[in-house]
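Here the structure comes first, spelled out in structure tokens, and everything after it is commentary.
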């Protein structure tokens with residue numbers, strides 16, 4: 001009896017803590033049942049996550065119809081705690097590019113990289129960059145001599161990310177194949193996009209993101225590594241809370257809007273959602289296609305095949321946007337370098353899909 005009373009008191013405190021979380025602008029709440037989820041299935045999923053042997057899963061946030069449906073945190077994580085979302089930051093960089101295009105800093109996705117960097121300022125820029133277009137960077141088909149799975153390639157992030165100034169270095173990387181010919185995952189692609197935004201805006205990508213996205217979305221607590229030369233790692237090292245991670249997804253689900261304010265151009269967001277430039281299903285079973293620095297997949301919800309896009313970061317950090325259901329799912333984890341991380345997050349995603357009635 002005493003144990004039951006203690007457990008009941010603990011649950012009451014948890015519910016009170018959840019209820020006392022401050023409201024979020026433009027994101028009211030609704031219950032899982034109101035959102036079309038089976039509450040018993042959600043409770044069962046919560047139990048499964050709570051019982052994970054590893055203590056590295058951080059948070060699960062579900063937003064549907066621009067309302068917070070699920071906001072669960074684990075292993076002593078709180079709403080405001082920030083987490084390195086790793087390569088999911090690349091997908092955010094893609095959204096910042098859309099803003100840069102809208103503001104006239106970039107003409108279009110057909111513009112070649114070489115045109116952004118004056119030879120006088122960047123004397124070592126390789127002539128090969130005249131052949132690389134922004135669209136190639138967005139689709140990981142640049143052909144540059146870089147491969148995230150091969151640290152020996154000169155464009156591998158391990159060769160430049162620790163430098164106090166890395167733009168001069170990465171602009172000296174040559175091609176090893178024709179742009180557009182092959183998909184090769186490499187951090188340098190997002191890094192060059194970040195460098196383009198920094199060059200044209202005169203701001204670090206960190207400051208650009210703060211002014212254009214973080215402040216409008218009420219994202220106050222975050223960290224994005226920026227080197228001594230004021231160059232931000234556009235390929236990763238972005239720390240966000242699980243809820244703020246989900247807010248980025250809301251921009252995609254809401255055609256670039258936050259409330260009534262257009263943050264990212266709607267036509268650009270539509271490209272993010274629909275552009276499936278490269279079939280990568282043979283690369284790994286979790287992926288179907290890739291384009292605009294976002295993964296594209298299909299899933300099953302209540303017997304219906306649906307399309308969704310997602311940002312993926314090492315450790316099992318997933319931001320999933322299901323436009324047809326107007327739904328965003330953010331999963332954060334610190335299982336960096338562990339093989340189970342992505343599979344675990346994928347299993348949680350499937351259970352969420354299965355919980356929808």
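The values are calculated or read from the model by the stated rules, or taken from the named source; none is laboratory data. Nothing here was measured: the structure is a model prediction, and the numbers come from that model. Heads up, the Cβs are rebuilt from the backbone with ideal geometry, glycines too, and the neighbour counts pull from every protein chain shown.
Just a few scattered comments:
- Of all residues in the stretch 95-131 being more than 27 Å from the chain's Cα centre (by Cα), without any contact (Cβ under 8 Å) to a residue 40 or more places away in the chain and outside any helix (DSSP H, G or I), the one that is nearest to residue 200 (Cα to Cα): 118
- Scanning the stretch 80-91 finds no residues that are surrounded by fewer than 20 Cβ atoms within 10 Å (Cβ to Cβ) and either over 21 Å from the mean Cα position of the chain (by Cα) or outside any loop (DSSP other than H, G, I, E, B) (or both).
- Scanning the stretch 253-294 for residues that are assigned to a strand (DSSP E or B), touching a helix residue (DSSP H, G or I) at 6+ places or on another chain (Cβ under 8 Å) and closer than 19 Å to residue 327 by Cα turns up 257, 258, 294.
- Residue in the stretch 332-355 that is touching a helix residue (DSSP H, G or I) at 6+ places or on another chain (Cβ under 7 Å) and closer than 28 Å to residue 99 by Cα present: yes
- Filter pass, residue 253 being modelled with pLDDT of 95 or more and in the same structural domain as residue 331 (by TED's automatic domain parsing): yes
Rundown of residues vs (1) in contact (Cβ under 8 Å) with a residue 60 or more places away in the chain; (2) closer than 28 Å to residue 76 by Cβ; (3) in a loop (DSSP other than H, G, I, E, B), yes/no style:
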site: 296; (1), (2), (3): no, no, no
site: 300; (1), (2), (3): no, no, no
site: 306; (1), (2), (3): no, no, no
site: 309; (1), (2), (3): no, no, no
site: 312; (1), (2), (3): yes, yes, no
site: 319; (1), (2), (3): yes, yes, no
site: 331; (1), (2), (3): yes, yes, no
site: 343; (1), (2), (3): no, yes, no
site: 350; (1), (2), (3): no, yes, no
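- Residue in the stretch 160-176 that is under 18 Å from residue 86 (Cα atoms), surrounded by 17 or more Cβ atoms within 10 Å (Cβ to Cβ) and more than 19 Å from the chain's Cα centre (by Cα) present: yes
- Residues (within 24 Å of residue 36 (Cβ to Cβ) and surrounded by fewer than 20 Cβ atoms within 10 Å (Cβ to Cβ)) located in the stretch 54-67: 65, 66, 67
- Counted residues, the stretch 184-240 - those being assigned to a strand (DSSP E or B) and crowded, with 24+ Cβ neighbours inside 10 Å: 3
- Any hit, the stretch 303-322, residues being surrounded by 19 or more Cβ atoms within 10 Å (Cβ to Cβ) and more than 15 Å from the chain's Cα centre (by Cα): no
- Residue within the stretch 112-122 that is buried (at least 17 other Cβ atoms within 10 Å of the Cβ) and over 14 Å from residue 199 (Cα atoms) present: no
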